[in-house]
Each structure stands twice: as C-alpha cells, then as structure tokens.
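Trainee: One structure follows; several queries about it will come next.
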Amino acid sequence: MKSPLLSLPGAVSAEGVDEGVAAHYGDLFREQRALADGTGFVDLSHRGVITVTGEDRLGWLHLLLTQHVSELPAGEATEALILSAHGHIEHALYLVDDGTTVWAHVEPGTQEALIAYLESMKFFYKVEVADRTADFAVVHLPAGSIAEVPDGVVVRETAYGRDLFLPREQLEPFAAQAGPPAGILAYEALRVEHHRPRLGFETDHRTIPHELGWIGSAVHLQKGCYRGQETVARVQNLGKPPRRLVFLHLDGSEVHLPAPGTELRLAADGPDGRKIGFVTTSVRHHELGPVALALVKRNVPADAPLVAGTTAAAQEVVVEP
C-alpha cells in the first residue's frame, strides 16, 4: 500500500518489506536528531492493522499469545508473540485495548496469515477479527512529542513514543501539522540504538524469544498455557538459548555497511574462521556512527572482537551469554 506522503518534498521510497513509505526525506541524520529530540513523526502506514472485538476478546487472546492480556487495562500498551508448537516466533503484535476493541499493528504483509490463524482458533468464543489495514494507517510520534492527536484516534503509548491508529483519510492533514516527517531509516536507527528486535529482521525460522530479549516485554512467564510454552519454560528453567542478540559498533572507516545476513567471525580467526553468527540489521546512527544488531552463538566470548564480512566489529551485550 503506497503512502500518499511519498509526495512530500524530498521523499525517497523505502525498499524491501518497508516499500510503500519513505526511507528518508533528504537528510537522514537530521531526521534522526528530530526524532531523538521528540519532534516530527514517522509514517508507518505500510504496517498491517488488525482489530479484535467481542466480549471474549481479552480472555481469548490470552490463550493464544505469549503475553498476559486477560486483564489488560484499557489504554495500556503491550506487545506479544505467537509461537509455533516448537516455540519458534511466528508473529509479533503491538497492541492496545480501547475498552471495546483490541487494536494491533504487525509487520507489513503478515496480517493475512495472522488473521487466518486467529480465525482457526475462534471455536465458540464471542470474538470478531478484522483486517483494518485499508482503513487505518499507523503513525509514530517520538517520546516527548507535543503533536496534537485528533479526537477519537486510538493511541498506543510506550516509552519510545506513541503509535497512532489514524484513519487513512486523516493521514495527509495530520502530516501537514505534525512537524517534520522522518523516514523509516531514521526510525530504524533509533530502534537499533535501543536494541529492539523486529520480526523478520532479527528473527529467522528457528528464533525463540530468549535469544532476542523478548522475555518479559513480550513473553509473560507466569501465565497459562499457549502454543510453544513448553519450549519457553524449558529454556527458561533448564538451559540457555543457542544464540543471543548483540549490539555491534562497526568500523567507521568502511564505506558500506555490512548487509543483513553478513556472516560474523572471530577477528582472531581471520576471514577463513568458522561462522559464529550473522548481522540482522545495520544502520548509520547520528551519534554512534555505523552500528548493527546481530545474532551470535551463545558461547562466543562477550568481549571477543568480531568481523562482519571484512568490517571490524566490537560487541555490546544485549542478551546475557
């Protein structure tokens, strides 16, 4: 779904999964600094939007999600996962209940598979699931923003800012008064700075929540059964995850960033050493320079210098070994 805000001055369309919104509006670092200062907004209108209504909505979702939501207060934001039977991450939901409806935004293009799964689990529960992507656009306001939110708009407020579920016909009028636009690259740079994983970027077909630090923020350890819970409990109580998320400070003298999927090796082993992980997201940060998130094997020493392809990289621990 192509955003009308791509017609704004300087807008350059993003590529890949974020196609349809602006990568930037001409000045990546200025846009990052604006978000860090609490000004401007990010067009996330390419993300999927789903709603769940009905009197059983919270209790029913509680049975399916990794998060404790059966008594979720109206207006309180949370995030949750859906796992496979083997505990691998399949979906990530960023949700809020407005008192009558649960609103969630999800990765672009994943809403259809998510809705199909939810529909298959309705049974006798009084719930209705709907794809509202065509009607509502997600817009992000950074923490500290004083931008005025239109009346009646559902807001999901977190420590990182506010996510608005904005009617699509209000997107252009809102943009005209919300301050300078920032592209998805600026938003991603701050996400990486805060070590926040993203489905499809930090995850692959075998990722479990412990590897990414999603225990607590998206996975509640004292709730009832859900699909994949056995794996979560076993790793939590009896072992360690096979991989761990790390933050990388990259050699700033390199012209190009290591692309996602770039293999990581111990610097001491040289370019022919064994693969010990891979880059998941790499960005240029307005203060930190070139940085990245990556997954490495759990037993990699936390202080070991690495190389991402041919780029030197220093680790910062996100998930403890």
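Trainee: No solvent, one uniform scatterer per C-alpha: report log10 I(q)/I(0) for the stretch 97-241 via the Debye equation at q = 0.13, 0.18, 0.19, 0.20 1/Å, two decimals.
Mentor: Log10 I(q)/I(0), no solvent term: -0.79, -1.35, -1.43, -1.48.
Trainee: Determine the calculated [θ] at 222 nm for the chain from helices alone, applying -39500 (n - 2.57) to every DSSP H run no shorter than 4 residues and normalising by the residue count; nearest 500 deg cm²/dmol. If you can, show how the numbers build up before the last one.
Mentor: Working: 6 runs with 54 residues, N = 321.
-4500 deg cm²/dmol, from helical runs alone.
Trainee: Full extension from Ala302 to Ala143: what is 0.36 nm times the residue separation minus their Cα-Cα distance, to one decimal in nm?
Mentor: Values: separation 159, 0.36 × 159 = 57.24 nm, distance 3.12 nm.
Extra length available between Ala302 and Ala143 comes to 54.1 nm.
Trainee: In the Gaussian network model of the chain, springs joining C-alpha atoms below 10 Å, which of His256, His220, His86 carries the largest mean-square fluctuation?
Mentor: His256
Trainee: Counting only other residues whose beta carbon sits under 10 Å from that of Arg265, what net charge do I get with K and R as +1, D and E as -1?
Mentor: Once all neighbours under 10 Å are counted, the net charge is -1.
Trainee: Another question, if that's okay. Hey, any idea what Rg/Rh is for the chain, computing Rh the Kirkwood way over Cα pairs?
Mentor: That ratio is 0.97, to two decimals.
Trainee: How much accessible surface does Phe201 have with a 1.4 Å probe, in Å² rounded to 10?
Mentor: About 50 Å², rounded to the nearest 10.
Trainee: Give me D for the stretch 1-139 in µm² s⁻¹, whole number, from Stokes-Einstein with Rh from the Kirkwood sum over alpha-carbon pairs, 37 °C and 0.692 mPa s.
Mentor: Estimated diffusion coefficient is 199 µm²/s.
Trainee: To continue, here is another question. Roughly how big is the chain's charge dipole about its Cα centre, with Cβ charges of +1 (Lys, Arg) and -1 (Asp, Glu), in debye to the nearest 20?
Mentor: Working: 27 positive and 42 negative charges, 198 e Å.
The calculated dipole for the chain is roughly 960 debye.
Trainee: Just how far, in whole angstrom, is the stretch 31-47 from the stretch 117-154 if you go by their alpha carbon centroids?
Mentor: 19 Å
Trainee: Which order do Ser253, Ser70 take by accessible area at a 1.4 Å probe, largest first?
Mentor: Ser253, Ser70
Trainee: On the full set of protein chains, 1.4 Å probe, figure out the accessible area of Thr110 and give it in Å² to the nearest 10.
Mentor: Counting only protein heavy atoms, Thr110 exposes about 30 Å² to solvent.
Trainee: Could you work out the local net charge near Thr51, counting Lys and Arg as +1, Asp and Glu as -1, over the other residues with Cβ closer than 12 Å to its Cβ?
Mentor: Local charge sum for Thr51: -3.
Trainee: Return a whole-number percent for the relative contact order of the stretch 1-118, with Cα pairs under 8 Å and 6 or more residues apart as the contact set.
Mentor: The normalised contact order for the stretch 1-118 reaches 20 percent.
Trainee: While we're here: Can you give the FRET efficiency to the nearest 0.05 for Asp37 and Tyr117, using r as the Cβ-Cβ distance and R₀ = 35 Å?
Mentor: After rounding, the FRET efficiency stands at 0.30.
Trainee: What order do Lys122, Lys297, Lys240 take when sorted by accessible area (1.4 Å probe), most exposed first?
Mentor: Result of the area sort, largest leading: Lys240, Lys297, Lys122.
Trainee: Which length gain, in nm to one decimal place, applies between Val12 and Arg206 when the Cα-Cα distance is subtracted from 0.36 nm times their residue separation?
Mentor: 66.5 nm
Trainee: If you rank Ile115, Ile146 by how much accessible surface each has, with a 1.4 Å probe, what is the order from largest down? If you can, show how the numbers build up before the last one.
Mentor: On the way: Ile115 25, Ile146 160 Å².
From most accessible down to least: Ile146, Ile115.
Trainee: Now a separate question. Separation of the stretch 287-307 and the stretch 62-90 by C-alpha centroid, Å?
Mentor: Each part's Cα centre sits 29 Å from the other's.
Trainee: Take every Cα pair under 8 Å in the chain that's 6+ residues apart, average their separations, divide by the length, and report that relative contact order as a whole percent. List each step's numbers first, then the result.
Mentor: Values: 718 pairs, mean separation 59.8, N = 321.
It rounds to 19 percent for the chain.
Trainee: Another question, if that's okay. Any chance you could look up the accessible area of Thr311 with a 1.4 Å probe, heavy atoms only, rounded to 10 Å²?
Mentor: About 10 Å², rounded to the nearest 10.
The values are calculated or read from the model by the stated rules, or taken from the named source; none is laboratory data. Keep in mind it's a predicted model, so treat the numbers as computed, not measured. Quick reminder, even Gly has a Cβ in these numbers, built from the backbone with ideal geometry, and neighbours come from all protein chains shown. Surface accessibility is based on the protein's heavy atoms, side chains included, excluding ligands, DNA and RNA. Shrake-Rupley method; radii C 1.70, N 1.55, O 1.52, S 1.80 Å.
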